[in-house]
Amino acid sequence: MACLLETPIRMSVLSEVTASSRHYVDRLFDPDPQKVLQGVIDMKNAVIGNNKQKANLIVLGAVPRLLYLLQQETSSTELKTECAVVLGSLAMGTENNVKSLLDCHIIPALLQGLLSPDLKFIEACLRCLRTIFTSPVTPEELLYTDATVIPHLMALLSRSRYTQEYICQIFSHCCKGPDHQTILFNHGAVQNIAHLLTSVSYKVRMQALKCFSVLAFENPQVSMTLVNVLVDGELLPQIFVKMLQRDKPIEMQLTSAKCLTYMCRAGAIRTDDNCIVLKTLPCLVRMCSKERLLEERVEGAETLAYLIEPDVELQRIASITDHLIAMLADYFKYPSSVSAITDIKRLDHDLKHAHELRQAAFKLYASLGANDEDIRKKIIETENMMDRIVTGLSESSVKVRLAAVRCLHSLSRSVQQLRTSFQDHAVWKPLMKVLQNAPDEILVVASSMLCNLLLEFSPSKEPILESGAVELLCGLTQSENPALRVNGIWALMNMAFQAEQKIKADILRSLSTEQLFRLLSDSDLNVLMKTLGLLRNLLSTRPHIDKIMSTHGKQIMQAVTLILEGEHNIEVKEQTLCILANIADGTTAKELIMTNDDILQKIKYYMGHSHVKLQLAAMFCISNLVWNEEEGQRWHCSSTWRDGSALAPASIPRPCYRKYRN
């Protein structure tokens, strides 16, 4: 069996294969076991730190032979162990090396090796497995294919500090979602790993800590369990807090902070708990300091953003801790011309990864400004902040663009900023460019922000309309992504609020009656509610109501009937009755109700409904139907309600703000 590199690389490597490399492989086939063992040992010494030699040996077929020797019952334990060591060394080369090893089915062979009673051989197999599983080209699912593997790894945790370190590292790299978390949790990961946090080995403690961070992430079941775990008489959160102390290595402080953050976000620890407010949050702010390495600053900022995202009080505390808002501005200046970095390799690395700092800063600014107006003002007043965000919208990195859009979206919740900073920097222009051609993850956030820019008090509304937003938004309503359909119809709803007849006609023409009614039967409740809100805003002011109903009256009345007869919740039926109340406010449009016995009976039925919201909505319908225009103003169930009553508006400034999305 041949395990070769991809063709272009293989050809270039083959041309450089030396007689010495062939000699190493030839010795693996010697009939004398001792010579084979010595050949493997010599091969081990030859490949250490030599990627060229590793590639040569792989091309010459060393891997299949090494795997054969590793699995042969007649091979000595020492030979098997040395083969595992060499395979591990080959895996430490390039990603193409790892791909070649995977093609030779190395993982099943190494997992089989774990059944051996010899500890040294087990450790060598685990070390090689660790190297392979931590490579980005290795599918995590390979660890879970055989149901007997995880329980056997759990059993091996007690064998030595090396098995503990390697197995925890494998788990932390291969736990990539709720399914993997559940498998590890059900096989006793929490109980088997908890005591490793007090190990005398720093590496074991760190890998155990990393395991808990990936197990707890967005997992309430694991997090609730961790809160009550005792290790040597101490609760796990208390142990994590001790690991946050300044005298601990930065890696340990950061990972402990992540564990506590994830437990807090999962609901296992209160946001006002001292271990969060006085320990975790300050630790993460410290990680944002310019004295820290790039990776530490990125991880600290992103973890802090996740911690404070849903909690106003944590946002306020963070904003005044160690001048965090100003500190984040340095993320955009890194590395500076007077950088203290003297290591050329480190400087080169940081230059290539500086975009990660900008991404992290945008994320944290977005979380900080999610709710508090004063914080938003401080962020925008930070040096060149708006210019940096606008520049971020056109960066080559998708992740930076997404973070910049999220930051803008967070700041767009401010009425004052929509009227001032957003207009001064013409934010709508780069945003419209982003919406033209972007991945769905960016489109979702950008279209959410567009909803805010289309509110009636936003100076950006008119130029956005002139730039072809109607067609773009109508296109979003046809997306297979429910979030994009919601945002598309939400933005149209805001656009139609108190709009001129021409704009409403453009919306109806671009959207089409057929699409409007498809949205009214959408399986997503949010889409249905926003479509009803759009209809309410379209059917406002008497001339507009009469005009629209004269051309679309039959279809609208049919849709109203179907919704009132369907199995919908109170809010949906209330919105639908509000549409009827608006139609009843028309001069000629009301005849479509007055001549429809079925609709009149439904209004009568809802007047006697047990729910007060539906009673009120039905009463407004009747009020508008019987009101004499000369006696006074009719009750108009339009989208201008501002008092928080049962008939909340479909589109007023604050209710139409989009919530921050992850």
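The values are calculated or read from the model by the stated rules, or taken from the named source; none is laboratory data. Please read all numbers here as calculations on a predicted model, not as lab measurements. Don't worry about glycine lacking a Cβ; one is built from the backbone with ideal geometry, like all the others, and counts go over all protein chains shown. Ligands, DNA and RNA are excluded from the accessible area calculation, which covers all protein heavy atoms including side chains. Shrake-Rupley method; radii C 1.70, N 1.55, O 1.52, S 1.80 Å.
Highest mean first, how do 412-419, 424-431, 167-174 rank when packing is the count of other Cβ atoms within 10 Å averaged over residues?
On the way: 412-419: 19.6, 424-431: 18.1, 167-174: 23.8.
Result, highest mean first: 167-174, 412-419, 424-431.
Counting heavy atoms of the protein chains only and a 1.4 Å probe, report the per residue accessible area for the chain as a whole number of Å².
Here the residues of the chain average 44 Å² of exposed surface.
Would you mind calculating the relative contact order of the chain from Cα pairs under 8 angstrom and at least 6 residues apart, reporting the percent as a whole number?
Details: 909 pairs, mean separation 38.8, N = 662.
Relative contact order for the chain comes out at 6 percent.
Answer rounded, prolate or oblate for the stretch 239-382, using the Cα gyration tensor with square roots of eigenvalues a ≥ b ≥ c: rounded when a/c is under 1.5, else prolate when a/b is larger than b/c, else oblate. Please list the in-between numbers first.
Values: a/c = 2.20, a/b = 1.27, b/c = 1.73.
Oblate is the answer for the stretch 239-382, as a/c is 1.5 or above yet b/c matches or exceeds a/b.
Rg to Rh ratio, the chain, alpha-carbon atoms and Kirkwood radius? Write down the numbers at each step before the final one.
Values: Rg = 32.1 Å, Rh = 29.3 Å.
Radius of gyration relative to Kirkwood radius: 1.09.
Using mean Cβ contacts within 10 Å as the protection proxy, how do 40-47, 184-191 order, highest first? Before the final figure, lay out the partial values.
Working: 40-47: 18.8, 184-191: 17.2.
Ranked by mean Cβ neighbours within 10 Å, highest first: 40-47, 184-191.
How about Lys99: which aspartates and glutamates have a C-alpha closer than 18 Å to its C-alpha, ignoring those fewer than 8 places off in the same chain?
Glu6, Glu140, Glu141
Which value does Rg/Rh take for the stretch 458-610 over its C-alpha atoms, Rh per Kirkwood?
On the way: Rg = 15.3 Å, Rh = 15.8 Å.
Across the stretch 458-610, the Cα-based Rg/Rh ratio is 0.97.
Please report, as a whole percent, how much of the solvent-accessible surface of the chain comes from carbon and sulfur atoms (probe radius 1.4 Å). Mind showing how you got there, number by number?
On the way: 14890 of 28830 Å².
After summing per-atom areas, the C and S share lands at 52 percent.
Calculate the length of the line joining the C-alpha centroid of the stretch 171-226 to that of the stretch 80-105, in whole Å.
Each part reduced to its Cα centre gives a spacing of 27 Å.
Which of the peptides 345-352, 297-304 is most tightly packed, and how do the rest follow, judged by the mean count of other Cβ atoms within 10 Å per residue? Intermediate values should be presented prior to the final figure.
Working: 345-352: 13.0, 297-304: 24.4.
Highest mean packing first, the order is 297-304, 345-352.
For the chain, take the longest principal axis of its alpha carbons; what is the angle in degrees between that and the long axis of helix 250-265, to the nearest 10 within 0 to 90?
Between helix and principal axis, roughly 40 degrees.
Past 18 Å, Cα to Cα, is the threshold; run Lys502/Lys547; Lys378/Lys429; Lys547/Lys613; Lys352/Lys429; Lys248/Lys279; Lys258/Lys363 against it and keep the listed order.
Table pairs above 18 Å Cα-Cα are Lys378/Lys429; Lys547/Lys613; Lys352/Lys429.
Sort out for me the Cα centre separation of the stretch 461-492 from the stretch 353-403, rounded to whole Å.
Computed from Cα coordinates, the inter-centre distance equals 24 Å.
Helix 570-584: angle to the longest alpha-carbon principal axis of the chain, degrees 0 to 90, nearest 10?
Between helix and principal axis, roughly 30 degrees.
Mind putting a number on the dipole of the stretch 201-287 about its Cα centre? Charges go on the C-beta only, +1 for Lys and Arg and -1 for Asp and Glu, and I need it in Debye to the nearest 20.
Numbers: 11 positive and 7 negative charges, 55 e Å.
So the dipole magnitude of the stretch 201-287 works out to roughly 260 debye.
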